[in-house]
Amino acid sequence: LLLLFSKIGNSLDTTQPKNWKMLAKWEPHASYIVQFSFIAIHKGHIFNKLGLWSSQKGKYQKALEYHEEALNIRKELREENYLHAASLNNIGTAYSDLGNHKKALYYYQKALALQKEFYGKEHSEVAICLNNVGTAYSSLGNSQEALLYHQKALIIWEKIYDKKHPHLASGFNNVGEAYRTLGNFQEALSYFQKALTIRERVYDKGHPDIVNSLSSIGGIYVDLGKFQKALPYFLETLTIQEKVYGKEHPRVADSLNNIGGVYNNLGKSQEALPYLQRALFLQEEIYGKEHSNVAKCLNNIGTAYNNLDKSQEALLYLQKALVIWEKILGKEHPHVASCLYNIGIAYDNLDKLQKALSHYQGAMAIWKKSYGKEHPLVANSLNNIGLIYEALGDQEKAQEYFEQAERIKRHLRI
């Protein structure tokens, strides 16, 4: 019976929505049967599939527990190193989903070392691990390192697969994400579009990877300041996700947050707030109050209140976000810089110019360290610092900052 449930589980790809009804029926029986088995390899397979299915449902803590069970079994199977590596990789993904990117990186690197040992350096499984290491570096704010790993993964996949393979689409999408964080938005957009083209050929419309591509393209249009272009991508993403996952899934919360962010940028912050507040409620229900995604919602709500000239209220949300991000990500992460910048705007609106100046300077220092001196966010900071000096009556210093900002914008053609 265990062998049968192991085979059924292995035959059902958790990323394919067409399999989800069958997986929902399989899950309670599999989780019961696995408790009474002594055949290690099949037991490991079932725990692994339960973990992947839990992750797909957004139950990330449960996914972590199942993958740890699978790992405990698989690391004893000395001749099955690739299974041991797969479980390490899956534990990394569970930690990533839970917002613990340092632990995710640790497990991804262990998985990568084992995969290289088992397969050699040019295998699809090695590329998957390289890709995941890159994603962890990106989440930790090390975008240059992330780009190197994503490019290595893409090179392997381009050698192995034809031009329509889903792994190639993942490679394009992740290289695009790295270029996006580095401020190279046009390059990022071209990679995202390549990924979407492949995915639309391979998958049905409701597939998670298509949704991921739509969301990525929406995000780039936000970065390019093309908010009207971004909105339809995020709205389509939300419609698909609510249909496929239901209304209380982590990915739905992410889309609500993205839509709220776009409405903020369009100057429609009153429309943004219901989306952002619903996103915050979901994120806190799913993750608790101290998670990076919760901080992201708090940051966006703070931005909305800034836009609505309620900067005192904005500060309450922004300072909560700052505390969470500094605790989880450290004080030099780009997300911390975004929050400092928004706090600077709040103080600016409240005519507390020295406080605004110190927050803008703090944000700029982090962005320079993370992205280099010629990045759009650095230009924005320079411009705002210039405005503060202008308000303080130091026109010469203000002009110096305005000129630096303009030089960057000309260089980046923005």
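The values are calculated or read from the model by the stated rules, or taken from the named source; none is laboratory data. Since the structure is predicted, the reported quantities are computational estimates derived from the model, not experimental observations. With ideal geometry, Cβ positions are generated from the backbone for all residues, glycine too; neighbour counts draw on all protein chains shown.
In the set ALA356, ALA405, ALA398, only one residue is of a type in the set (A, V, I, L, M), touching a Gly at 6+ places or on another chain (Cβ under 6 Å), touching a residue at least 24 places away in the same chain (Cβ under 8 Å) and surrounded by 16 or more Cβ atoms within 10 Å (Cβ to Cβ); that residue is ALA356.
Identify all residues within the range 285-308 that are among the acidic types (Asp, Glu) and either crowded, with 24+ Cβ neighbours inside 10 Å or in contact with a helix residue (DSSP H, G or I) (Cβ under 7 Å, 6 or more places away or on another chain) (or both); write none if there are none. Answer for the range 285-308, where residues must be among the acidic types (Asp, Glu) and either crowded, with 24+ Cβ neighbours inside 10 Å or in contact with a helix residue (DSSP H, G or I) (Cβ under 7 Å, 6 or more places away or on another chain) (or both): just GLU290.
Checking the range 217-227 against the condition returns no match, with no residue being crowded, with 23+ Cβ neighbours inside 10 Å, part of a helix (DSSP H, G or I), of a type in the set (Ser, Thr, Tyr) and in contact (Cβ under 8 Å) with a residue 12 or more places away in the chain. Selection of the range 225-257 for residues being closer than 25 Å to LYS409 by Cα and of a type outside the set (D, E, K, R) yields GLY225, PHE227, GLN228, ALA230, LEU231. For the range 5-43, the candidate set comprises residues that are of a type in the set (Phe, Trp, Tyr), over 21 Å from TYR245 (Cβ atoms) and assigned to a helix (DSSP H, G or I); within that set, the residue that is modelled with the highest pLDDT is TYR32.
Kindly check whether there is at least one residue in the range 82-92 that is touching a residue at least 24 places away in the same chain (Cβ under 8 Å) and surrounded by fewer than 19 Cβ atoms within 10 Å (Cβ to Cβ).
Applying the first criterion (touching a residue at least 24 places away in the same chain (Cβ under 8 Å)) to the range 82-92 yields 82-92.
If we keep only those that are surrounded by fewer than 19 Cβ atoms within 10 Å (Cβ to Cβ) too, we end up with 82.
So far as the range 82-92 goes, yes, one or more of its residues are touching a residue at least 24 places away in the same chain (Cβ under 8 Å) and surrounded by fewer than 19 Cβ atoms within 10 Å (Cβ to Cβ).
Exactly one residue among LYS289, LYS310, LYS320 is over 28 Å from PHE185 (Cα atoms), at pLDDT below 95, more than 17 Å from the chain's Cα centre (by Cα) and of a type outside the set (Ser, Thr, Tyr), and that residue is LYS289. Candidates PHE185, PHE172, PHE192: the one that is among the aromatic types (Phe, Trp, Tyr) and either touching a Gly at 6+ places or on another chain (Cβ under 7 Å) or within 30 Å of GLU290 (Cβ to Cβ) (or both) is PHE192. For the range 367-388, state whether one or more residues are in contact with a Pro (Cβ under 8 Å, 6 or more places away or on another chain) and either loosely packed, with under 15 Cβ neighbours inside 10 Å or without any contact (Cβ under 8 Å) to a residue 60 or more places away in the chain (or both). Scanning the range 367-388, I find at least one residue that is in contact with a Pro (Cβ under 8 Å, 6 or more places away or on another chain) and either loosely packed, with under 15 Cβ neighbours inside 10 Å or without any contact (Cβ under 8 Å) to a residue 60 or more places away in the chain (or both), so the answer is yes.
Taking the range 181-190 as the search range and keeping residues that are surrounded by fewer than 23 Cβ atoms within 10 Å (Cβ to Cβ) and modelled with pLDDT of 95 or more, which one is nearest to GLY261 (Cα to Cα)? The qualifying residue nearest to GLY261 (Cα to Cα) is LEU189. Just one of the listed residues (LEU392, LEU282, LEU329) is surrounded by fewer than 22 Cβ atoms within 10 Å (Cβ to Cβ), hydrophobic (A, V, I, L, M, F, W, C) and under 18 Å from the mean Cα position of the chain (by Cα), namely LEU329.
Quick one: which of ALA136, ALA113, ALA70 is touching a residue at least 12 places away in the same chain (Cβ under 8 Å) and either surrounded by fewer than 22 Cβ atoms within 10 Å (Cβ to Cβ) or closer than 28 Å to LYS369 by Cβ (or both)? The match here is ALA136. All of ALA169, ALA153, ALA178, ALA127 fail the test of being buried (at least 21 other Cβ atoms within 10 Å of the Cβ), among the hydrophobic types (A, V, I, L, M, F, W, C) and within 16 Å of the chain's Cα centre (by Cα), apart from ALA178. (1) modelled with pLDDT of 90 or more; (2) surrounded by fewer than 23 Cβ atoms within 10 Å (Cβ to Cβ): which one isn't true of GLN56, the others all being true? The number of the failed condition is (1). Restricting the range 72-112 to residues that are over 29 Å from ILE328 (Cβ atoms) and not in a helix (DSSP H, G or I), the residue that is modelled with the highest pLDDT is GLU76. Determine whether ILE345 is in contact with a helix residue (DSSP H, G or I) (Cβ under 8 Å, 6 or more places away or on another chain), surrounded by 15 or more Cβ atoms within 10 Å (Cβ to Cβ), hydrophobic (A, V, I, L, M, F, W, C) and over 21 Å from VAL378 (Cβ atoms). So ILE345 does not fit the description; no. Listed by position, the helices (runs of 4 or more DSSP H) contained in the range 298-414 that have at least 2 residues being aromatic (Phe, Trp, Tyr) and under 30 Å from LYS102 (Cα atoms) are 311-329, 353-371. The set of residues from the range 223-243 being among the aliphatic types (A, V, I, L, M), at pLDDT below 95 and more than 21 Å from ALA169 (Cα to Cα) comprises just one member, LEU224. Just one residue in the set LYS152, LYS121, LYS159 is out of contact with any Asp or Glu (no Cβ under 9 Å at 6 or more places or on another chain) and outside any loop (DSSP other than H, G, I, E, B); that residue is LYS152.
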